[in-house]
Amino acid sequence: MALRSYSPSVENYRSVLITCACLTTWTVFRCSAILPTCVELIRQLLHTPHSMKYMLGVCSQYTQNPTPNPISLGSTQATDKVEETQTPFGYDCSNIWIRNPKSTTGIYTIKPTGANSTIQVFCEMNDDGGWTLIQKHDGQDNLPFDRSWYDYKQGFGNISGEHWLGLDNIYLLTNQEKRISELRVSLGDFAGSEAFAGYSTFNIDPESKFYKLSLGNYSGNAGDAFRGQCSATNQDGSLFSTKDKDNDNCDACRVGDMAFRSCSNDQFKSGWWFNSCGIADLNGQWRTNGEHIGWASAVSWKTWRTLESLKFSKMSVRHN
Ligand SMILES: [Ca+2]
């Protein structure tokens with residue numbers, strides 16, 4: 001337990017952290033995806049005054065071993081049993097940013113309060129804080145969003161590219177003890193314009209309550225498409241639906257002569273918080289430039305662009 005009083009030099013930090021990165025690479029993850037995180041970890045900890053206990057805790061988290069083998073510490077004596085830490089890098093991107101405002105945008109590992117395991121996320125580190133990305137849809141990976149309940153629950157895609165973080169992860173992120181989460185929806189069209197919609201609070205319920213959506217006050221210049229213009233299009237308070245799980249309020253809805261019961265399966269080919277059905281749907285089918293007008297299934301935020309499928313959408317959460 002000598003670690004409590006141990007004060008390593010910068011060189012010692014470097015030795016520990018590089019060893020940690022090596023351990024991570026070949027013991028657990030066996031994939032290159034973890035490397036950017038490790039590199040980021042090294043960069044962060046070399047520039048911030050963390051304790052040795054914290055750093056070794058990080059290593060133990062990465063090796064998934066509460067009492068890892070002694071880690072090479074160069075000339076130091078600290079090879080005692082290592083205590084686990086409460087969080088590997090932070091509860092969320094905001095927490096990481098608060099601890100180190102110089103953190104750069106990229107992939108991080110977080111552990112929200114209440115989570116049993118860590119989550120890999122993409123953090124956008126801006127002047128106004130650290131934002132945890134929960135959705136990115138820009139067609140760059142040709143990622144299909146017409147997916148099952150299970151896929152939307154678990155998440156899909158590439159964290160550094162197009163992806164949906166997963167409803168279980170979004171639930172954990174937005175229901176942390178004493179941490180208020182706000183949402184920012186970022187949008188771009190094919191003409192090069194951008195807009196955003198902010199919500200002062202953003203929470204979803206657990207799966208047992210069908211991931212019901214709860215939003216705070218709107219601000220921004222893209223319009224409040226989540227709430228739409230009337231009760232039928234208001235998605236605040238709606239349950240999540242997918243093509244194989246219809247929790248919407250259509251029974252039946254009509255488009256022209258056609259009646260349908262499932263917004264997700266019959267109209268929009270998207271997992272979303274449909275009411276009957278609403279005018280926001282960022283998980284609809286991405287359309288190429290020139291082919292982006294007038295589709296039912298599209299990347300839609302109709303208070304901003306009524307008929308167009310958008311060039312990109314991002315949904316990010318900040319905590320305070
Ligand atoms: Ca229905």
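We did not get these values from a lab; they are worked out from the coordinates using the rules stated. Values in this document were obtained by computation on a predicted structure and should not be read as measured data. Here the Cβ positions follow ideal geometry from the backbone for every residue, glycine too, while neighbour counts run over all protein chains shown.
Things worth noting here:
- Note on residue 251 and residue 113: the model spin-label points, each 7 Å out from Cα along the C-beta direction, lie 3.8 nm apart.
- As a rough footprinting exposure proxy, the listed residues 299, 185 were ranked by other beta carbons within 10 Å of their own, and the order from fewest upward is 185, 299.
- Applying the Karplus relation 6.51 cos²θ - 1.76 cosθ + 1.60 with θ = phi - 60° to region 237-243 yields 3J(HN,Hα) values of x, 7, 8, 7, 10, 10, 5 Hz, where x marks Gly and Pro.
- Multiplying the residue separation of residue 127 and residue 194 by 0.36 nm and subtracting their alpha-carbon distance yields 22.3 nm.
- Relative contact order (%) - criterion: Cα under 8 Å, at least six apart; region: region 93-319: 21 percent
- Most tightly packed first, judged by the mean number of other beta-carbon atoms within 10 Å of their residues, the peptides 186-196, 132-142 read 132-142, 186-196.
- Model label sites at residue 306 and residue 289, defined 7 Å from Cα along the beta-carbon direction, differ in position by 2.5 nm.
- Rounded to two decimals, the Cα radius of gyration of region 111-163 over 2.2 N^0.38 Å is 1.29.
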